[in-house]
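Here the structure comes first, spelled out in C-alpha cells, and everything after it is commentary.
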Amino acid sequence: MNTLSVFFCSLTLVATVAVTWLAFPYAAMSEDELSAATTPVDAELLGEVNLADFGEVSVFDMVLHYIDNPPLESDEELPKVRFQGC
C-alpha cells in the first residue's frame with residue numbers, strides 16, 4: 001500500500017472515533033432514565049392509548065382482549081426462502 005492509502009485509512013479511523021466520542025453523550029441514557037426503562041410496570045398504571053378509530057383504550061383492556069381472543073393460527077406454510085449470499 002502506498003502512503004496516501006495508509007494516511008486515508010488512519011484519518012478515517014480517527015474521524016470515526018472522534019464522531020462516536022462526541023455523539024455518545026447525546027445518545028446515552030441517564031441513570032434515572034435507564035432504571036425507569038428497566039423497571040416493570042403494571043398494565044393498570046400505563047394509562048390509555050389512542051387507537052384512532054377505536055378511541056382511547058386502556059393498556060389493561062388491550063391485554064385482557066388479547067388473552068381472551070388470541071390471534072388465529074394460519075394453516076398456510078411460510079414460503080421457503082434460500083439465502084445464497086452475494
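Each value in this text was obtained by applying a stated rule to the coordinates, not by laboratory testing. Predicted model only: the values in this text are computed from it and were never measured. With ideal geometry, Cβ positions are generated from the backbone for all residues, glycine too; neighbour counts draw on all protein chains shown.
When you filter the GluC sites (Glu not before Pro) in the stretch 37-86 for DSSP loop state and at most 10 other Cβ atoms inside 10 Å of their Cβ, you are left with Glu73, Glu76, Glu77. Taking label points 7 Å from Cα along the Cα-to-Cβ direction, Val59 and Leu78 give a separation of 2.8 nm. With respect to the chain, whose longest principal axis is taken over its alpha-carbon atoms, helix 3-27 is tilted by about 30°.
Report, to two decimal places, the Cα Rg of the chain normalised by 2.2 N^0.38 Å (N = number of residues).
Working: Rg = 25.0 Å, N = 86, 2.2 N^0.38 = 12.0 Å.
Expressed relative to 2.2 N^0.38 Å, the Cα Rg reads 2.09.
Extension gain, Thr38-Ala52: 0.36 nm per intervening residue step, less the Cα-Cα distance, totals 2.2 nm. Between Tyr26 and Leu11, the simple spin-label model (points 7 angstrom out along Cα→Cβ) gives 2.4 nm.
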